[in-house]
Each structure stands twice: as C-alpha cells, then as structure tokens.
Amino acid sequence: MPSGALLFDLPDYPHERWTAHLRKFLPTLDIRATADAQTAADIAYCVAWKPAPGKLHNLPNLKIVFSMGAGVDGIVADPTYPRHIPLARVVDDTLAQAMSEYVVLSVLYWHRRLHDFIGLQRDKKWRQLPAPRAPQVRVGILGFGVLGQAATAPLRALNYQLSGWSATPKHVDGVKTFHGTAQLEVFLAQSDILVCLLPLTPDTRGILDAKTFAALPKDACVINAARGGHVVEDDLIKALDSGHLGGATLDVFSAEPLPATSPLWSHPKVVMTAHSAAFTDPESFMRQVATTIRRMDDGLPPENLVDFARGY
Ligand code: NAP
Ligand code: GLV
C-alpha cells in the first residue's frame, strides 16, 4: 500500500493514457496531476521530465523522483533540486531496442551512402556508388553505457568494427574500449562513424566541437542521439562545410523545437529527426515506477538511481 500520493508532472503528455498503466500496476495509488500549496505535503512520488525550477523543492514529503527519460539533464539542471531525494531514470529494454534501431539505421545510412543516392535520385542521375564492406567501417560509440552497449549487438551482427568510450573502463566482447579524457583523441581518430550517446553533464556539454571533429578521420560522419547541448552547432557546420566531415544525423538540438532560422534545417549534409530516436514506452515506464514504489514500501533500495556527483 503506497504511503503518499504520486504527482504526474508531465503537462505535455496524455495524463490518462499514461497513468492508466500505473493504475493497472498499483490500483490504490493516489495519482494527482497538480499539487498546490495546500496539497504539496501529500506528494511522496513524482514523475517528471523538465519540472519548473523550484517545483520539486516545494514538495516537503517527497521520497523519490522518476525521470520520464533515460537522460536527467532537464531535472538536475534545477539548482534547487533537493539532492537528498533519490532520482530514478529509465533503464528499459524497449528504450534500448528503439535506440539500437535508430543507431543501426543511421550508421547504415552513411555507410551505404544513402544520402548521396537520395541526392542523385532527386537530380534524376543514374550513378553506381561503391561503399566499403561493414568490417572495414569503424563505428565509435561516445558514451558506452546502457544504450551505447545495447547498440553493439546489432552492429556486431553486421560485422562493423566497434569501439566505445566511457568514463570508466569497460570490457565488452568484440568491442575495443577506451575511457577517460586521455584516451578520447585516439578513440576519435579510429571512428569513421561517431555515435554520441553521452549524458549531458558539465563535463560533456559541447564535447562535439571543432577539436573533436578535427580528431575524427576525414569524411567521418557524426550521429548525435544524446542531447543538443553536446554539439557546438557552428563548429559542426564549419566541419561539414570544410569537407572534413561527410555528414551528420541529428536527433537532438540545443533549442527544441529547432527554430525555423536554424541553418541545420536546410544543410545539405545534415539529416535530422525531431528528438524521436527512442521514446519511453508508457507501460514499461509505469511498470518500473510501480516496481520501485513497491520496493521502497518493502524497505528495499530503489534501482537505476542517478549519481548527483557525476550528474547522470
Ligand atoms: P548511461 O547508461 O548513463 O551511459 C552513459 C555513458 O556515458 C556511460 O558509459 C558513461 O561512462 C559515459 N560518460 C558519462 N560522462 C562521461 C565523461 N565525462 N567521459 C566519458 N564518458 C562519460 O546512459 P544511457 O541510458 O546509455 O543514456 C545516454 C543518453 O542518451 C541519455 O543521457 C540521454 O541524454 C540520451 N537519450 C536520448 C534519447 C533520444 O530519443 N534522443 C533517448 C534516450 C536517451 P561510465 O559508464 O564509465 O559511467
Ligand atoms: C530521451 O531523450 C531520454 O532521455 O530518454
């Protein structure tokens, strides 16, 4: 029996559709769409994505916050976030599956030169374009955590040469691993296709900049499915225009929705999607929330918690 109400603080999401799943798993849970000064003390659990600054701070009996996504930058960015309150993020097979699909799609797109073929078709030009075989293509995954590692299975099945870069050492069969700032340049120099799946933290903000692009091999392609704040957009455009980079797939942007004035909309070497690489599955997420609430009620520690010192 949950002790306290849950605030579902996702004003842009269909409240009823999402919370119906939660009701299925926890029929007695008191679920609220809002909390004001009178009712704030009732709230023990909160589901959030980009809460208004100060909002969580004003819930005096909060026991845990559930981020609606894997990335928590929209929540920890609030300096008033009460850091003694655990923050759980989404770690889920359905999310990993969706991200793996996006990564494979994007890697194949650049490797098999689909971008060039689309241009040729538009111009009604018949031209055969060769591409290297996958075992000759080096795919580097910048941010080798849950999602980065999940993407290696389908890429390995296609026989790409794989590498991953993380903060701490990793050992994954068939993947060359690198870690820490000291090994970043050597990792980049052997990445023909760079896939960014880092969390956005003060250490990783702006990591996709002129220096990083210069360290990549000529004609390398960049896929960013992490956060827009990782990319210095002017540096990316310069690296594409200079001919150093072959192309970029961008799912995320420093301003979302991307303003109509952004040159990225019409850049000939950019393919973009609207933050759609991997959506949180409402049912899976609500199952995770219910499981954690039950664990906490049984005196067990919650899982998939964010480490505030690292920021992810
Ligand atoms: P995760 O499991 O926490 O993995 C993050 C990885 O980045 C870890 O390998 C971590 O290293 C590494 N890392 C973090 N800071 C680093 C640093 N300063 N230097 C080197 N490596 C660093 O996260 P995840 O679940 O894979 O998710 C990754 C991100 O994907 C999320 O934060 C979110 O922003 C993004 N995302 C986007 C979408 C979308 O639709 N576009 C959907 C879901 C998620 P360690 O393992 O050594 O700690
Ligand atoms: C989506 O962007 C997520 O962080 O899950």
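Here is how the numbers come out for the structure above:
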| read-out | value |
| --- | --- |
| Per-pair calculated FRET efficiency, R0 = 25 Å: residue 294 and residue 38 via Cβ, rounded to 0.05 | 0.30 |
| Length gained when the stretch residue 176-residue 91 is fully extended (0.36 nm per residue, less Cα-Cα span) | 28.2 nm |
| Relative contact order for the stretch 93-272, counting Cα pairs under 8 Å that sit 6 or more residues apart, in percent | 17 |
| Paramagnetic label zone (point 7 Å from Cα along Cα-to-C-beta, residue 210; backbone N under 19 Å) in the stretch 169-188 | 185 |
| Unsatisfied cross-links (Cα-Cα over 22 Å) in the set 211/269; 125/218; 63/170 | 125/218; 63/170 |
| Simple spin-label estimate for residue 77 and residue 157 in nanometres, 7 Å along Cα-Cβ | 3.6 |
| Surface accessible to a 1.4 Å probe, per residue, for the residues of the stretch 93-272, Å² | 50 |
| Spin-label pair residue 218/residue 274, simplified geometry with 7 Å Cα→Cβ offset, distance in nm | 3.9 |
| Solvent-accessible surface ranking, highest first, for 249, 273 at 1.4 angstrom | 273, 249 |
| Mean separation of Cα contacts under 8 Å, 6 or more apart, over the residue count of the chain: relative contact order % | 17 |
| Simple spin-label estimate for residue 189 and residue 255 in nanometres, 7 Å along Cα-Cβ | 3.8 |
| Gain on full stretching of the segment that runs from residue 303 to residue 12 - 0.36 nm per residue minus C-alpha separation | 102.1 nm |
| Heavy-atom accessible surface of the chain: percent carbon and sulfur, 1.4 Å | 56 |
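The values are calculated or read from the model by the stated rules, or taken from the named source; none is laboratory data. It should be emphasised that the depicted structure is a prediction, and the values quoted were computed from it without experimental measurement. Every residue, glycine as well, gets a Cβ built from its backbone with ideal geometry; the counts of neighbours run over all protein chains shown. Please note that ligands, DNA and RNA were not included when accessible areas were found on the heavy atoms of the full protein model with its side chains. Shrake-Rupley method; radii C 1.70, N 1.55, O 1.52, S 1.80 Å.
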